[in-house]
Structure formats: C-alpha cells, structure tokens
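Single-structure report; data block below.
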Amino acid sequence: MIHADDIKLKIISRLRAEIIEKEFELYYQPILNLKTRTCIGIEALLRWRHSELGMLRPSKFLLYVKEVGVLDEITRWVFRRALTDYRKLALKSLFVSVNLSVDELNSACVVDIILNAQKELDFQPGQLVVELTEETIMKHPKISVQKLEQLAAAGIQVAVDDYGVGFSSLSYLKRLPVTMLKIDRSYIKDIEKDRADAIIVKSTIQLAHSLGIKVVAEGIETGEQFQFLRENACDYGQGYYFSKPKSLENLHLHCKDERK
Ligand code: G
Ligand code: MN
C-alpha cells in the first residue's frame, strides 16, 4: 500500500502546467429534461489520469492546487477545454456546466479567466453554466455575489450545486443571479422510502419554482426515482440511470437507460 504522504508527494510534484496539459481530462455527464427525457445539457467533470496513481477525482488533488500555485492554470484549462469540446459537439441547444471550487471562486482573476475563455472561443452567451456549492458561495458572500453578478451580466448561468448539504437557506438565493438549483444526491437516494427526503425535495422544487429557478436532481440511479421526480415537477436530472460521466469520444447524448 502507498503511504498517504507518498501520494501527496506524487500529486504535488506533478502539478505543473505541462502535466496538466498532458494528463488532465474532462468527463461529461448528460443532464436531461425529465418530462421529455431528452438531453438539455452536459456537466463537465475534471479527472486526472495520473501516470502513477491512476484516475484521480478532483477531491484528491484540488486541496493542494493553491499551495502549488496552479489554481488559475487549472481554471483556465478546464474552461477552455469544456468550451472547445462543446464546440466539437456542435449541438447548439445544449448548455455546458462547469464546476468551480471554493479556491477557484476566490481567486482574484476568476471572472477574467472565464470571460476571456468565452471571448477567445467565441462562445454564445446563455450556453455556459457555472456550478458552485452553497459553502463556496457563503465563504465570502459579498465578493461571491459581485463575481456571480459579473458572470450573469455576460450571459453566464449560475447553478447551486449539491443543494441541501450546506446550510440550505433559500433566502440568499433571491439575492443571487441563480437560474438552477441542483439537489444533492443524498436526498434522491431514498426518495421513495424516506418521507422526510420526499417532503424536502418536493418543497424545494416548489420554492425554487416560485423564485423562477429550475431544479436539477443529482444522482438518479433508478426508474422509481426518475418517476417520482417527474411526477413532482422536477425539471431536470442526471445520474447513472441515464448515463455515467464519459469522455467526449464515448458520450452518447440520446441517453438511454444503461442498465438494460
Ligand atoms: O459535486 P458534483 O455533484 O459536481 O459531483 C459529481 C460527481 O457525482 C461525479 O464525480 C460523478 O461521477 C458522480 N455521480 C454522477 N451521477 C451519479 C449517480 O447517479 N450516483 C452516484 N453515486 N454518483 C454519481
Ligand atoms: Mn456539479
């Protein structure tokens, strides 16, 4: 077994621009309109195919990125790659959704990086979504609001990610230019069995809709969960039931049930 310190060293020593260019990848998971069951967007998920450690998820390495000094480098790489890939798909009606970590949002150049990528790649406004957790937004609420307003003014949509695991106060949402709320998969997991989860999800959908915000259910894994959400007016959904995250080459946007 490799020691935790060894893993950290193997991660930190390879966090350099040329390695990012070579070993970082984006996977994509389709987001569907639950009513029509058609794909309406894709979420870009960062993966690192590390030459020694294998495939790494962001939670394994993002915590070191700031101290190594490649934070902005990674944000730039992710947005440029996501927008370039999106162009290759040539599906103008879809949106592409990109995650921003707390450190990324709090970097002084984050807005410039995103707007520059959008400009350089000649990207149409309205088709780019930026996802942030409540925790990320609430670390420095005032600055977050300013930055999100700058993005929204450029036609970029803002989505609240993993909704429900943080402080879950919808009151701040009305002060933010949020267009989408993504309900965390921990609420979806037992939605047909757990009465409390069902009530929370249903009332979140109603409240979001009354604020003019669309709702995305994360982590849909069964047909029963899909039906429940559809019947309760949840707008969109994503999860293994429709499709696992895939590389651009393997992405199938017709999104059929993979278990069949
Ligand atoms: O925090 P965020 O919601 O962006 O995290 C997305 C992560 O959730 C991805 O790493 C993806 O692989 C994972 N994921 C996507 N769909 C499902 C699902 O249906 N079930 C589970 N357990 N994980 C999922
Ligand atoms: Mn996300």
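Hey, among the residues in segment 74-108 that are touching a helix residue (DSSP H, G or I) at 6+ places or on another chain (Cβ under 8 Å) and part of a loop (DSSP other than H, G, I, E, B), which one's surrounded by the most Cβ atoms within 10 Å (Cβ to Cβ)?
The selected residue is Leu100.
Tally the residues that are away from ligand 1 (no atom under 16 Å from the Cβ) and either without any contact (Cβ under 8 Å) to a residue 12 or more places away in the chain or surrounded by fewer than 17 Cβ atoms within 10 Å (Cβ to Cβ) (or both), restricting the search to segment 203-229.
7
Across segment 91-110, what is the total count of residues that are small (Gly, Ala, Ser) and more than 16 Å from Ala44 (Cα to Cα)?
Looking only at that region, the number is 3.
Listed here are the residues, each with its yes/no results for (1) at pLDDT 95 or above; (2) of a type in the set (D, E, K, R).
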site: Val201; (1), (2): yes, no
site: Ile205; (1), (2): yes, no
site: Ser210; (1), (2): no, no
site: Glu221; (1), (2): yes, yes
site: Asn232; (1), (2): yes, no
site: Tyr236; (1), (2): yes, no
site: Gly239; (1), (2): yes, no
site: Lys244; (1), (2): yes, yes
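Please specify each residue of segment 77-109 satisfying the condition of being in contact (Cβ under 8 Å) with a residue 24 or more places away in the chain and over 16 Å from the mean Cα position of the chain (by Cα).
Thr84, Arg87, Lys88, Leu89, Leu91, Lys92, Ser93, Asn106, Ser107, Cys109
If I filter segment 30-53 for residues that are without any contact (Cβ under 8 Å) to a residue 12 or more places away in the chain and either under 17 Å from Glu67 (Cβ atoms) or within 15 Å of ligand 2 (Cβ to nearest atom) (or both), do I get at least one hit?
Within segment 30-53 (the criterion being without any contact (Cβ under 8 Å) to a residue 12 or more places away in the chain and either under 17 Å from Glu67 (Cβ atoms) or within 15 Å of ligand 2 (Cβ to nearest atom) (or both)), the answer is no, since none of the residues qualifies.
For segment 146-174, give me the residue count where each residue is at pLDDT below 95 and among the hydrophobic types (A, V, I, L, M, F, W, C).
Of the residues in that region, 4 qualify.
Could you tell me how many of the residues in segment 148-161 are within 21 Å of Asp122 (Cα to Cα), within 16 Å of ligand 1 (Cβ to nearest atom) and open to solvent by less than 30 Å² (accessible area, probe 1.4 Å)?
Looking only at that region, the number is 1.
Okay, residues lined up against (1) open to solvent by 40 Å² or more (accessible area, probe 1.4 Å); (2) within 23 Å of Tyr28 (Cα to Cα); (3) within 16 Å of ligand 2 (Cβ to nearest atom); (4) of a type in the set (Asp, Glu):
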{"residue": "Glu131", "(1), (2), (3), (4)": "no, yes, yes, yes"}
{"residue": "His140", "(1), (2), (3), (4)": "yes, no, no, no"}
{"residue": "Gln146", "(1), (2), (3), (4)": "yes, no, no, no"}
{"residue": "Tyr163", "(1), (2), (3), (4)": "no, yes, yes, no"}
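Count, please, the residues in segment 77-120 that happen to be in contact with a strand residue (DSSP E or B) (Cβ under 8 Å, 6 or more places away or on another chain), among the polar types (S, T, N, Q) and more than 16 Å from ligand 2 (Cβ to nearest atom).
2
For segment 1-64, give me every one of the strands (runs of 3 or more DSSP E) that falls completely inside it and has 3 or more residues that are under 20 Å from the mean Cα position of the chain (by Cα), of a type in the set (Phe, Trp, Tyr) and surrounded by 12 or more Cβ atoms within 10 Å (Cβ to Cβ).
Output list reads 24-33.
The values are calculated or read from the model by the stated rules, or taken from the named source; none is laboratory data. None of the values given here were measured: they were computed from a predicted structure. Please note: Cβ atoms are built from the backbone with ideal geometry, for glycine as well, and neighbour counts cover all protein chains shown. Accessible surface areas use protein heavy atoms only, side chains included; no ligands, DNA or RNA. Shrake-Rupley method; radii C 1.70, N 1.55, O 1.52, S 1.80 Å.
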